[in-house]
Structures are given as C-alpha cells and as structure tokens.
Amino acid sequence: MFLVLAGGCGSAGPTASVSGRVTLAGQPLANAVVTFQPVRPQDGAALTVTGSVGKTDANGRFELRLIEPDKPGAAVGQHRVSISTA
C-alpha cells in the first residue's frame, strides 16, 4: 500500500490528506474498504478524533475521509489500519 500525507488542521485536530493504492498478489484490489482508526497515545491521553474511511476504485486507489466531521483526510498520529472486502 502506498500513502501520501500532507499536513493540515481543523475542528477534529491536526489532519493530513491520505491516499494510496491497495493491491493483492500484485493486482489492484477493487471495492475494498480502507479504515484508519486512531490508537490511544502512550501517554494515555483520551482520543478526541474519529477514524477515517475510504473505498478503493477499480485501480485499487482510495482517499480517506474523516468520519466526523465529514471532511477529507485522517487525524495525525498512530492508527490501526484495516482493509476489508466484506
């Protein structure tokens, strides 16, 4: 998977644009759901941001959008990433 990040900020805290391409066995993975879920920082501070989600196109490409508020990108920080075709 290839990701492109660019900084920004908003009401959900600092965000970054996230896009990429998902492949499986060297072939684009179409119609997959890509989810980034923020992970609680090591200092134990409560999370104040939501996750992000995107869906791959026929070429396996996706762009993430925050779940709340609905806007492009993902929160800056560590995330648990999942890719699902179900």
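Miscellaneous remarks
- For a modelled paramagnetic label at VAL33, 7 Å from Cα along Cα-to-Cβ, the residues of segment 65-86 in reach, with backbone nitrogen under 14 Å, are 65, 67, 82-86.
- Probe 1.4 Å, accessible area per residue of segment 8-75, Å²: 57 Å²
- For peptides 20-28, 49-57, 65-73, sequence by mean Cβ density within 10 Å, most packed first: 49-57, 65-73, 20-28
- Distance (nanometres) between label positions extended 7 Å along Cα→Cβ at LEU47 and ARG21: 2.9 nm
- Heavy atoms of SER19: accessible area, 1.4 Å probe, square angstrom to 10: 40 Å²
The values are calculated or read from the model by the stated rules, or taken from the named source; none is laboratory data. These numbers come from a predicted model, not from an experiment. All Cβ positions, even for glycine, are placed from backbone atoms using ideal geometry, and neighbour counts span all protein chains on display. Accessible surface areas use protein heavy atoms only, side chains included; no ligands, DNA or RNA. Shrake-Rupley method; radii C 1.70, N 1.55, O 1.52, S 1.80 Å.
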